[in-house]
Amino acid sequence: MTKEIGGEAEQIAYSQIEDVVNYCKNKKILGLDTETSGLFNHSNVMIMLQIGDEDTQFVIDVRTIDISPLKEVLENPNIIKVLQNAAFDYKFFRMYKIMLVNVWDTQLAEMILTAGPDNNEVNLGFITSKYLNIFLDKSVRNQFIGMKGQPFTYKQVVYGAKDVEYLLGIRKEQLKDIEKYDLEPCLRLENKFMSVLADIEYNGFYLDREMWSKLEISNKDNLVNSREALDNYILSNNIHLFIDTQYNLFAEGFKCNINWDSPKQVIPFLKYLGVNTTTRDRKTGKDKDTCEEKAIGKYKNKFPFLKLYFNYKAVAKEVSTYGIEFLEHINPVTGRVHSSFWQIVSTGRISSNHPNLQNIPAREDETGSQPFRECFRGSGDNTLIVADYSQQEPRVTADVCKDPALIEFYLNGDGDTHSMVSSRLFSVIEGKDVKITKGDPRRQIGKVLNLKLDYGGSAFTVKDDLKVKSEKEAQVFIDALEEAFPGKKNYFDRKLKETMKNGYILIDSITKRKLFTKDFDEFKVLQKRLDKSNNIPSLKANFPWSDYFKLKGKISRLSRNAPIQGTSGSMTKLAAIMLKKELQEKNLYNKVWVVNLVHDEIVIETSNEYIEIASKLLTKCMEDAGKVFCKTIPMVAEAVVSEYWAH
């Protein structure tokens, strides 16, 4: 029949919601999309729901139609629902008490297929053009924002229906590459984890407004005091070059003329003190000056001023990033902070923003408390349970490299990794058995060397930490460590060789996750050019050696670090998936909530009634997930019950 929609007469087939259910409930796969009045914030609402297959798409005006009959379709585990950025829709469906299951997220699939350090587009517009050569009209989607009671236009209805059709077409094309690279296990993990992460966003984390406000006042006082400490260092040491000696009628005495927030003004003073501010720019490979702690922090024992400066920078960042404005992140409807998470970053880890709840300062004050994290608490009489893996990445490293000494230590050792590593290191260097314990200065050498090499460090990057003058001397320590743990060296060598052969990094053998980067293609071109020039001196003389070694070093670092970091990230994701399943089966899903996740740590909130069972479930799920990825070394999870976020 002919109906007028938005002023345009078109032939439209109308259905009842029961017709939609009857059509969809026996399908094996459905496309699904929604249009909403805005981003999810517990206030915006769903306006349009689109569902169907390639033959028939239904467009439902949620403002006037009750969608609860669709619950049996959307919660059917035997029907695949294809969505783009499914977490967005998942949260809106939760408002209708509908729990989406068995999802194929085209955005997550694209993240997996393009995972790596390169910035790749994964939005619907881009992947629709990539796979289907169709270009979406974004202006139509924007028309739904803030939309009230006006009827949908024909163009809007068609737009909604086509989204369903496009999603199914995209999945077909993505599936070819997913199968080609054997990524089905990885996609299954991520599709299941989607709802876990969306739950965390939905649940939010309670922040004590009054405590935070008092903390901001205290931090502003600390900032003034720490800035005065820097000025007083200049003035008390009479460093005239950095003192403003011009008489000021309205101020007492002289003042320091350095703006401590300006690197251009700080670096000359650090050079004056004798601090080596030179570092190598990883992007350009050239030297540059810096005053960042990660580059010059190794000199703070030699130059006491640096401790004052780093303290000032830390307090300044806390005041600017975690000041009173941070309270604006508290949702007026829920009274909680709701972060937005990015599910797959490079190696498979997650990230958080608006606000970043993974980066809340964990520093301890003079009383041993963590003032910022203590502001995050259970709401009302609720309690937090915080569990993290003990030495997650070192244990994963030991499990994958199968070094006998590391396996023996993690199975039967005393838990002091750094003393064990240092003892074996100096036993090789000194040619005799050496026993190093806490308090021995050599322990720090073993600790720094071991951690930095696991993350792709070199003689150049560790020589200052080792307090040696040359890379040659640093290499002696590196060679000794590799001799002390030959299994680890053999593993890293095999991993690099495998990476160079495949053109990607295999993160783990369980999910088959892979890391792709354009660097492999660039390196391959240079390698062919080098091979060709070996017998032609004139070509070899003009070979871009700097680019060659820069790329090779970058790939080498990635092949060391990415599998360990990625395996650890997938382990935590699986633990959270297992926990959700347990909570649902035990009818605890609405009584125990996951409120944050930070790499190796899961934070849940519950009432006192469920503390014991929730603690046991959380620990069990984390350790069971560890068994999936680590077959030799046990993963140990430690749970702490606290009124606030304790770590």
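The values are calculated or read from the model by the stated rules, or taken from the named source; none is laboratory data. Please read all numbers here as calculations on a predicted model, not as lab measurements. Quick reminder, even Gly has a Cβ in these numbers, built from the backbone with ideal geometry, and neighbours come from all protein chains shown. Heads up: the accessible areas ignore ligands, DNA and RNA and are worked out on the full protein's heavy atoms, side chains in. Shrake-Rupley method; radii C 1.70, N 1.55, O 1.52, S 1.80 Å.
Which one of S568, T632, I350 has its Cα pushed farthest toward the positive end of the charge dipole of the chain, where Lys and Arg give +1 and Asp and Glu give -1 at the Cβ?
Comparing the listed Cα positions along the dipole, T632 ranks first.
At what distance in angstrom do the alpha carbon centres of region 168-221 and region 499-570 lie from each other?
30
Once you charge only the Cβ atoms, +1 for Lys and Arg and -1 for Asp and Glu, what is the size of the charge dipole of the chain about its Cα centre, to the nearest 20 debye?
The dipole of the chain has a size of about 2380 debye.
Return the FRET efficiency for the residue pair V628, N78: r is the Cβ-Cβ distance, R0 is 25 Å, and the value is rounded to the nearest 0.05.
The value I calculate is 0.50.
What would the Debye equation give as log₁₀ I(q)/I(0) for region 465-616 at q = 0.18 Å⁻¹, counting only Cα atoms as equal point scatterers?
Log10 of I(q)/I(0), two decimals: -1.11.
Net charge around L136, counting only other residues with Cβ within less than 10 Å of its Cβ (Lys, Arg = +1; Asp, Glu = -1)?
Result for the local shell: +1.
Treat every Asp and Glu Cβ in region 307-385 as -1 and every Lys and Arg Cβ as +1, leave all other atoms uncharged, and give the resulting dipole magnitude about the Cα centre to the nearest 20 debye.
The dipole magnitude comes to about 300 debye.
Within region 354-385, list the residues whose amide N lies under 15 Å from a label point set 7 Å along Cα→Cβ of S607.
Answer for this model: 379-384.
Where the centre of each part is set by its Cα atoms, how far does region 582-608 sit from region 623-647, in angstrom?
Their Cα centres are 14 Å away from one another.
Counting pairs on different chains as well as pairs 8 or more places apart, how many Lys pairs in region 134-271 have Cα atoms under 17 Å apart?
Taking region 134-271 as the scope, the lysine pair count is 4.
Dipole of region 473-548, Cα-centred, from +1 at each Lys and Arg C-beta and -1 at each Asp and Glu C-beta, to the nearest 20 debye?
500
By a straight-distance test (C-alpha under 29 Å), which lysines pair with K432 as possible cross-link partners, with residues fewer than eight away in the same chain excluded?
Hits, sequence-local ones excluded: K402, K447, K452, K463, K467, K469, K472, K488, K489.
Using a 1.4 Å probe on the protein heavy atoms, what percent of the accessible area of the chain belongs to carbon and sulfur?
Heavy-atom surface of the chain belonging to carbon and sulfur, 1.4 Å probe: 50 percent.
I need the peptides 278-290, 542-554, 420-432 ranked by packing, meaning the mean over residues of other C-beta atoms within 10 angstrom, with the highest value on top.
In decreasing order of mean packing, 278-290, 542-554, 420-432 become 420-432, 542-554, 278-290.
I'd like the distance separating the alpha-carbon centroids of region 381-406 and region 304-348, in whole Å.
If you average the Cα positions of each part, the centres end up 26 Å apart.
Under a no-solvent Debye model with one identical scatterer per Cα of region 132-208, what's log10 I(q)/I(0) at q = 0.16, 0.22, 0.28 Å⁻¹?
-0.92, -1.02, -1.18
For volume of the Cα convex hull per residue in Å³, pick the label among (i) 183; (ii) 159; (iii) 224 that corresponds to the value derived from the coordinates.
Checked against the structure: label (iii).
State the three equivalent ellipsoid semi-axes of region 40-183, derived from the C-alpha gyration tensor as the square roots of 5 times its eigenvalues, in descending order and whole Å.
26, 18, 15
Show me 192-201, 526-535 ranked by packing, highest mean number of other Cβ atoms within 10 Å first.
Put in order of decreasing packing, that is 192-201, 526-535.
Set the Förster radius R0 to 22 Å, insert the Cβ-Cβ distance between S533 and M500 as r into 1/(1 + (r/R0)^6), and round the FRET efficiency to 0.05.
With a Förster radius of 22 Å, E is 0.70.
Suppose a student asked you for the relative contact order of region 147-281, using Cα pairs under 8 Å spaced at least 6 residues apart; what percent would you report?
After rounding, I find 9 percent.
Using the C-alpha gyration tensor of region 160-311, what are the square roots of 5 times its eigenvalues, in whole angstrom, with the largest one first?
They are 53, 25, 15 Å, listed largest first.
At 1.4 Å probe size, with every protein chain present, just tell me what the per residue accessible area of region 505-591 comes to in Å².
Value for region 505-591: 49 Å² per residue.
Considering only protein heavy atoms, what per residue accessible area in square angstrom results for region 1-149 with a 1.4 angstrom probe?
Result: 48 Å² per residue.
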